[in-house]
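Peer 1: Here you go, one structure.
The values are calculated or read from the model by the stated rules, or taken from the named source; none is laboratory data. These numbers were taken from a predicted model, which means no experiment stands behind them. Counting neighbours? That spans all protein chains shown, and the Cβs are built from the backbone with ideal geometry, glycine included.
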Amino acid sequence: MQKEALFYEKLENKKVQCHLCPWECLLTEGKVGMCKGKKNLNGLLYATNYARAVSIALDPMEKKPLYHFHPGSEILSTGPNSCNLRCDHCQNWNISQIESPTELITPEDLVSLAVKYNSIGIAYTYTEPLMWYEYVQDTAKLARDKHLVNVLVSNGYINPEPLLELLPLIDAMNIDVKGMTQDFYKKVCKGKLEVVLKTVELSVQKKCHVELTYLIIPGLNDSETELREFSNWVAGLSVSIPVHFSRYFPAYKADFPSTPIETLKKAFQIAREKLRYVYVGNAYIPGTSDTHCPKCSKVLISRSGYSVDMTGIKDNKCKNCGAAVDIVLDKKA
Ligand code: SF4
């Protein structure tokens, strides 16, 4: 199953140019794009990864991670065998960077599965769902019709025009900000920092619920200067954007040791000087996975692994002081 791609241009001699992401791949007949999801077939660009999923599972929302969007719910999650970045440390390299087995699932069947399993919606995740653009758009429309939510977990590496067209269908995003220097993005990820920052800024402006993940890699993106720059930039958008610092483990081409716990604690403290909601993932550090009321500091939500206890919230307010909570909740907790 494949579908003609969106956002491309037909050129002379059956060449095509894709405008979905900043690679702007120029493809002669038979050639495949950098993301491995698009191919020039006889002068037309096709999404050859359309409806081909590397994995389908019902996951906790906290696994995305999204801590301020329907906490404690489960969401049907899937993704393509495609990515448009080439991070040396890719934590999902076996499904994003090399060819992996996929299964066919039409948008209609995926939405039916979400309904059948009582999922709150669909998360497009695991690899790079923006490289599944046509499928995500078709599925997200059907999901909306069934009152399901659409969630993207993404590297944010997309051109503004397609992003703006997709955003009205997306309820929440977790976007990776992988570092705060152009040098890091260029050398380690083979991308450009400003593209990702722009995606975050546009998504926040368009009122999509946004949370950010920053994977801390020792010696590459963990300097105090860089962490402060990141926190200041997030605070400039909104102090209420939840930030998840994540612990790196050796993977793919990166074989140096995992992030020291002290570095994660330092990042947490730096970010908390500016931001209301900061978390640490992939490591157990007491107090760094709970949500506190920004007004009275009482625990609103305590978390242990993926289990969630919302005993500090009543009628969508802090049970202790009555302050409104910055959390998207489906029912009154
Ligand atoms: S979406 Fe794929 S084919 Fe299109 S420009 Fe980006 S990497 Fe190239």
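Peer 1: With respect to the numbered conditions (1) assigned by TED's automatic domain parsing to the domain that holds residue 221; (2) more than 10 Å from the ligand (Cβ to nearest atom), which one is the sole condition not fulfilled by residue 41?
Peer 2: Unmet condition: (1).
Peer 1: Still on this structure, I have one more. From the residues in the range 1-24 that are free of Cβ contacts under 8 Å to residues at least 40 places away in the same chain and of a type in the set (S, T, N, Q), which one is farthest from the ligand (Cβ to nearest atom)?
Peer 2: Checking each candidate, the answer is 13.
Peer 1: Within the range 78-134, restricting attention to residues that are among the acidic types (Asp, Glu) and either within 19 Å of the chain's Cα centre (by Cα) or closer than 19 Å to residue 64 by Cα (or both), which residue is surrounded by the fewest Cβ atoms within 10 Å (Cβ to Cβ)? It would help to see each step written out before you state the result.
Peer 2: Let us first name the residues in the range 78-134 that are among the acidic types (Asp, Glu), namely 88, 99, 103, 108-109, 128, 134.
Those left that are additionally either within 19 Å of the chain's Cα centre (by Cα) or closer than 19 Å to residue 64 by Cα (or both): 88, 128, 134.
On the way: 88: 16, 128: 28, 134: 22.
Residue satisfying both the conditions and the ranking: 88.
Peer 1: Another one. Could you check residue 98 against (1) touching a residue at least 12 places away in the same chain (Cβ under 8 Å); (2) within 22 Å of residue 25 (Cα to Cα) and say which number it fails?
Peer 2: In the conditions (1) touching a residue at least 12 places away in the same chain (Cβ under 8 Å); (2) within 22 Å of residue 25 (Cα to Cα), residue 98 misses (1) alone.
Peer 1: A follow-up question, please. Which condition from (1) assigned by TED's automatic domain parsing to the domain that holds residue 162; (2) more than 17 Å from residue 133 (Cα to Cα); (3) surrounded by 19 or more Cβ atoms within 10 Å (Cβ to Cβ); (4) within 11 Å of the ligand (Cβ to nearest atom) is the one that residue 27 breaks?
Peer 2: (1)
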